[in-house]
Amino acid sequence: EVALLGESGSIVAPKSELAVDTRSPNDVVRRVDDRTLELDGRFRVIGNGTADDPYRISWELLTSSGAFIDAAQKALTAPPWVRLVDGTYIEISGYYSTAVRVARAKNLLLTLNRWDGCCIGLPPTPFDAIDVAMREPISLQGLHVFRFGTFRGRLTVSAFETGGFLLGLYRLEDATFETK
């Protein structure tokens, strides 16, 4: 790897190459059976994407957007397999928390990894975190508890960026808490 000198004479790492995939979402779908899709030959999704039968998606599918999106380079388009689930109902499991300690919350952060908001775990990225808007408030009893569960709702995929920084990508709306 070659180091570059910036305008001020400081060392600047070269920008990584972003992947580009111009296929339409329909080009990456293969129907396996009535309830199973294979996306891009590598992601299995079970369900029909409806409120009654949501797609069961993986964090691997969501985090794959990291190779395609970089707000600093103005690349804000998710890959076709992620765009395919935009606007559909999904089910996904993960760790959830709130920005402040409250007994009940209607807005949560759902993440792939455990994180206490400070010191324990891995801080989320826009690719492995989902902003969740609950249909009804959820109880958050107990101190120092890592919370894990399964959520269902309508997924929105939309890059939220400012000043060349990607702040968020995924939102789950009208969400329900399914299991602990």
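From the list Leu167, Leu108, Leu112, Leu122, the lone residue that is under 12 Å from Tyr95 (Cα atoms), open to solvent by 60 Å² or more (accessible area, probe 1.4 Å) and under 14 Å from the mean Cα position of the chain (by Cα) is Leu112. The residues of the range 32-61 that are farther than 21 Å from Thr179 by Cα, touching a strand residue (DSSP E or B) at 6+ places or on another chain (Cβ under 7 Å) and not basic (Lys, Arg), listed by number, are Val32, Thr36, Leu37, Glu38, Leu39, Leu61. In the range 120-145, what count of residues is obtained for those that are part of a loop (DSSP other than H, G, I, E, B) and more than 24 Å from Gly66 (Cα to Cα)? Residues that pass the stated criteria total 6. A residue that is outside any helix (DSSP H, G or I), open to solvent by 10 Å² or more (accessible area, probe 1.4 Å), touching a residue at least 24 places away in the same chain (Cβ under 8 Å) and closer than 15 Å to Gly168 by Cβ occurs somewhere in the range 80-88. Among the residues making up the range 49-78, those that are surrounded by fewer than 22 Cβ atoms within 10 Å (Cβ to Cβ), in contact with an Asp or Glu (Cβ under 8 Å, 6 or more places away or on another chain) and assigned to a loop (DSSP other than H, G, I, E, B) are Phe68, Leu76. Just give me the residues in the range 58-98 being over 14 Å from Pro124 (Cβ atoms) and among the aromatic types (Phe, Trp, Tyr), in sequence order. The answer is Phe68, Trp81, Tyr89. When each of Arg23, Arg44 is tested for being over 22 Å from Asp174 (Cβ atoms) and part of a loop (DSSP other than H, G, I, E, B), the lone residue that passes is Arg23. Within the range 89-107, being more than 22 Å from Gly49 (Cα to Cα), in a strand (DSSP E or B) and of a type outside the set (Phe, Trp, Tyr) holds for Ser97, Arg104, Ala105, Lys106, Asn107. Of the listed requirements (1) open to solvent by 70 Å² or more (accessible area, probe 1.4 Å); (2) outside any strand (DSSP E or B); (3) modelled with pLDDT under 95, Phe148 misses just one: (2).
If you go through the range 125-135, how many residues are closer than 20 Å to Glu161 by Cβ and either free of Cβ contacts under 8 Å to residues at least 24 places away in the same chain or open to solvent by 50 Å² or more (accessible area, probe 1.4 Å) (or both)? Going through the range 125-135 one residue at a time, the tally reaches 2. Contact map, the range 96-110: residues that are more than 16 Å from Arg152 (Cα to Cα) paired with residues that are at pLDDT below 95 and small (Gly, Ala, Ser), Cβ distance under 6 Å, separation 6+ or inter-chain. Pairs shown: Thr98/Ala105; Arg104/Ser139.
Scanning the range 25-45 for residues that are of a type in the set (Val, Ile, Thr) and farther than 16 Å from Gly87 by Cα, we see that the one that is farthest from the chain's Cα centre (by Cα) is Val32.
The values are calculated or read from the model by the stated rules, or taken from the named source; none is laboratory data. Since this is a predicted model, take the numbers as computed values, not measurements. Virtual Cβ from ideal backbone geometry, glycine too; neighbours counted across all protein chains shown. These accessible areas exclude ligands, DNA and RNA; they are computed on the full protein's heavy atoms, side chains included. Shrake-Rupley method; radii C 1.70, N 1.55, O 1.52, S 1.80 Å.
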